[in-house]
Amino acid sequence: MLTRVVRIFDAFGPEDPVLSVSEISRRAGLPQATAARLVKEMTEHGLLARGEDRRVRIGNRMWELAERASPMQLLRETALQYMGDLQSVIGHSTQLAVLDGREALFVERLSAPDAVVNITHVGGRLPLHASSSGLVLLAHAPAELREKIIAGPLPAFTAQTIVDGRQLRAELAEIHRRGFAFCQGHIRPEATGLAVGVRRGGQVVAALGLVVPNDGAAWGLHRPLQLAGLALGRALSRSGRPAPR
């Protein structure tokens, strides 16, 4: 039963926040009668909600439960001040990601109206090898996970995405050496990603990143990004509350 409920939640996405029961049935791989029954029960508990057109969306109860006990709450609340300061200087997009399985999970994002294209969004994910934030998280991940990712497969987003295991290993070593990731056109040709690790107690618990135009000015932004990452890490260390996992 729980697996079926999770499959229903997984049917929704940033591009499809509202679905019909038949669409949920198809995406979740459930018989329509089963999907209809579960949607009805989940709606009664506020986990899903229905509009006047009978189409279904995630319910406010899910947001309430997630916010009440989210291990990301401290990280997001603390990070927003530093992300806002960085955003006011640099513009475009500032984002925060954590390691979740074999992916980078983006837990916060700020963007300007005229920002260069950025496909990430809050609650979105990207493979660890593909983005600057993912590479930083992978560089500081357990060795077993690093080796699994390096072994592939490494899907490409553009011609610049790292898809070779030896190149990925070398890039992770370079991130350790210089202290940040720099990815020109790895996700979109017109965008450059930069990211640094956010440390708490010596452990990298998140990646703070920028998405800016892929031009000659991008490299110079690593210094203010590093300073913001250090400041955020110090603030988290002073909080006295458990770090997100």
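Between the Cα long axis of helix 32-44 and the first principal axis of the chain there is an angle of about 80°, rounded to the nearest 10. Of the solvent-accessible surface of region 96-245, computed with a 1.4 Å probe and all protein chains present, 53% belongs to carbon and sulfur. Kirkwood hydrodynamic radius of region 1-92, from the reciprocal of the average inverse Cα-Cα distance over all distinct pairs: 15.0 Å. Once the Cα atoms are used to define both axes, helix 222-239 deviates from the longest principal axis of the chain by about 60 degrees.
Treating each Cα of region 126-227 as one equal point scatterer and applying the Debye formula with no solvent, the log10 of I(q)/I(0) at q = 0.12, 0.16, 0.18, 0.24 Å⁻¹ comes out as -0.35, -0.63, -0.80, -1.35.
Among T78, T43, T34, the residue with the largest mean-square fluctuation in a Gaussian network model of the chain, with springs joining Cα atoms closer than 10 Å, is T34. Taking D16, D85, D215 as the candidate residues, the one with maximal mean-square fluctuation in a Gaussian network model of the chain, Cα springs under 10 Å, is D16.
If you take all other residues with their beta carbon under 13 Å from the beta carbon of E103, and give Lys and Arg +1 and Asp and Glu -1, the sum is +2.
When the chain is treated as a Gaussian network with alpha carbon springs shorter than 10 Å, the biggest mean-square fluctuation among H92, H222, H45 belongs to H45.
Using the Cβ-Cβ distance between Q32 and T158 with R0 set to 30 Å, the FRET efficiency works out to roughly 0.15.
For the chain, take the longest principal axis of its alpha carbons; what is the angle in degrees between that and the long axis of helix 2-11, to the nearest 10 within 0 to 90? Relative to the chain, helix 2-11 is tipped by roughly 70 degrees.
The values are calculated or read from the model by the stated rules, or taken from the named source; none is laboratory data. Please read these numbers as outputs of a predicted model, since none were measured by experiment. Every residue, glycine as well, gets a Cβ built from its backbone with ideal geometry; the counts of neighbours run over all protein chains shown. Ligands, DNA and RNA are stripped out before the accessible areas are found, and what is left, the full protein with its side chains, is counted by its heavy atoms. Shrake-Rupley method; radii C 1.70, N 1.55, O 1.52, S 1.80 Å.
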